[in-house]
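Presented below is the structure to which this report refers.
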Amino acid sequence: MNPHQPLSIALAERAIPAEITLQVRPEKLSAFFESNLVGIVFGELDGALQDGNDEFLRLSGYGHADLASGLRWSNLTPPEFRHLDDAAVSEARARGACKPYEKQYIRKDGTRLWVLVGYALLGPQRDHSVAFVLDIDARKRAEGALEELNQRTERRERLLSATLSSISDFAYTFDREGRFLFANQPLLALWGIPSEQAVGRNFFDLGYPPALAEKLQRQVQEVFETGQSVTDETPYTSPSGHPGSYEYIFSPGLDDAGKVDFVVGSTRDVTERQLSAEALRASAEELRALAEAMPQMVWITRPDGWNIYCSPQWTNYTGLTQEESSGEGWIQPFHPDDREAAREAWQQATATAGSYAIESRLRRTDGTYRWFLIRGVPQRDAAGIILKWFGT
């Protein structure tokens with residue numbers, strides 16, 4: 001043995017068959033060993049380590065003295081990875097080498113390091129081994145961080161989906177082609193399909209009437225092009241035949257550069273509101289028709305006493321228009337001697353929510369004053385809150 005050769009090279013010379021030794025000279029083995037491109041360690045099949053290059057010693061945290069004192073593979077291997085070592089040994093005995101595999105090392109200071117390990121058996125009896133060890137700790141930690149980020153992202157997506165599915169409004173997002181990226185559960189229930197059949201499809205694919213689908217697709221593109229929100233209303237009949245009226249808003253979702261990356265939408269079912277508004281309009285028209293058919297003067301005020309309506313009989317008698325009579329203009333035709341009493345009685349009624357009744361003189365268009373009995377009562381809701389005052 002050359003006293004200037006590392007122990008590992010001497011072991012290799014004894015262990016490698018002659019035909020291989022003729023092809024791979026000791027100086028080449030020594031150059032590769034000492035290049036420290038990867039960790040290299042020589043040992044026995046029973047797990048005893050004999051020699052390693054500087055890169056292996058750096059990775060493991062041990063020194064040459066530790067190797068000389070009987071360091072073994074088991075000293076470096078956490079219990080949960082020993083089954084991998086056992087499988088690799090079995091494979092090497094059968095094939096002469098094992099496929100590289102990932103594991104952790106326990107370094108001398110107790111810290112752990114991810115490495116890629118592979119080795120081959122040497123010698124006629126295959127009782128020696130040479131292993132390479134590659135540092136993959138940074139990559140594995142990056143993979144772990146990415147996996148953790150993906151898990152957190154998935155959890156946030158699940159929470160967001162659950163939150164958006166707990167509201168009655170429809171919530172959804174579009175890509176640049178106007179295809180749905182997400183639709184919450186209330187919207188999926190309206191369509192009667194699972195999420196898998198909605199994502200990636202547009203309004204045409206989902207069976208919307210062509211004119212409506214074209215309008216909605218155009219509005220989505222408008223948001224992408226202008227970066228401005230679009231608000232609108234539309235009637236829509238669901239696939240199950242349920243008709244309704246809906247108001248919606250499409251808004252831009254911006255990326256880090258401030259450009260529109262996606263469009264987020266929200267839709268509210270306003271069918272009941274529109275039906276209520278139509279019923280209220282019909283009721284108001286009926287009330288107006290009734291007031292105009294009555295011979296008495298009819299007036300309506302807000303809860304605070306602000307006049308908002310006088311029937312034509314008032315206009316015909318006093319000569320005041322609706323605009324002139326609104327607010328506190330109603331006091332104008334009262335006789336100067338009755339005006340203050342009428343005002344105070346009205347203020348008292350609105351302040352106490354009591355009924356209003358007073359006799360007073362009102363001026364006719366020709367300047368003549370005639371006596372009238374003026375009465376007013378509040379209209380209340382189910383909670384007793386005054387909505388309006390009606391009077392004659």
Worksheet entry | Under 24 Å between alpha carbons - lysine pairs in the chain that sit 8 or more apart or on different chains | 5
Fill in: Correct option for Rg/Rh (Cα atoms, Kirkwood Rh) [calculated from the coordinates] among [x] 1.07; [y] 1.46; [z] 1.31
[y]
Practice prompt. Sketch the reach of a paramagnetic label on Ile308 as a point 7 Å from Cα along Cα-to-Cβ, and name the residues of region 331-352 whose backbone nitrogen lies under 12 Å away.
Written response: none
Worksheet entry | FRET efficiency, Glu272 to Leu146 (Cβ-Cβ, R0 41 Å, nearest 0.05) | 0.30
Fill in: Using θ = phi - 60° and Karplus 6.51 cos²θ - 1.76 cosθ + 1.60, couplings along region 247-257 (whole Hz; Gly, Pro as x)
10, 9, 9, 9, 10, x, x, 9, 8, 4, 8
Discussion item. Ignoring everything except DSSP H segments at least 4 long, calculate the 222 nm mean residue ellipticity for the chain; use -39,500 (n - 2.57) per segment, divide by total residues, nearest 500.
Written reply: -12500 deg cm²/dmol
Worksheet entry | Average Cα contact separation per residue, the chain, under 8 Å, 6 or more apart, as relative contact order % | 8
Worksheet item: Among Ser251, Ser266, Ser311, which one shows the biggest mean-square fluctuation in a GNM of the chain, springs joining Cα atoms closer than 10 Å?
Response: Ser311
Worksheet item: Using the Kyte-Doolittle scale, which helices in the chain average at least -0.5 and also have C-alpha atoms spread 27 Å or more along the helix axis, with helices defined as whole DSSP H runs?
Response: 271-293
Discussion item. Name the residue from Ala65, Gly47, Phe81 whose Cα lies farthest towards the positive end of the charge dipole of region 39-82, charges +1 on Cβ of Lys and Arg and -1 on Cβ of Asp and Glu.
Written reply: Phe81
Worksheet item: Based on the Cβ-Cβ distance from Asp205 to Ala383, what FRET efficiency comes out when R0 is 56 Å, to the nearest 0.05?
Response: 0.75
Practice prompt. State, as an integer percentage, the relative contact order of region 76-122 based on alpha-carbon contacts under 8 Å between residues 6 or more apart.
Written response: 38
Worksheet entry | Stretch gain in nm, segment Thr315-Ala31, where the contour uses 0.36 nm per residue and the Cα spacing is subtracted | 90.9 nm
Item to complete: Using R₀ = 25 Å, calculate the FRET efficiency as 1/(1 + (r/R₀)^6) where r is the Cβ-Cβ separation of Asp46 and Tyr101; round to 0.05.
Response: 0.80
Discussion item. For region 270-392, what does the relative contact order come out to in percent, with C-alpha contacts under 8 Å and a separation of six or more?
Written reply: 22
Fill in: Computed magnitude of the charge dipole of the chain (debye, nearest 20; Cβ of K, R +1, Cβ of D, E -1)
400
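Values quoted throughout were computed directly from the atomic coordinates according to the rules given, and no laboratory measurement underlies them. The structure presented is a predicted model; accordingly, all values stated were derived computationally and were not measured. A quick note on method: Cβ atoms are made from the backbone with ideal geometry, for glycine too, and the neighbour counts reach across all protein chains shown.
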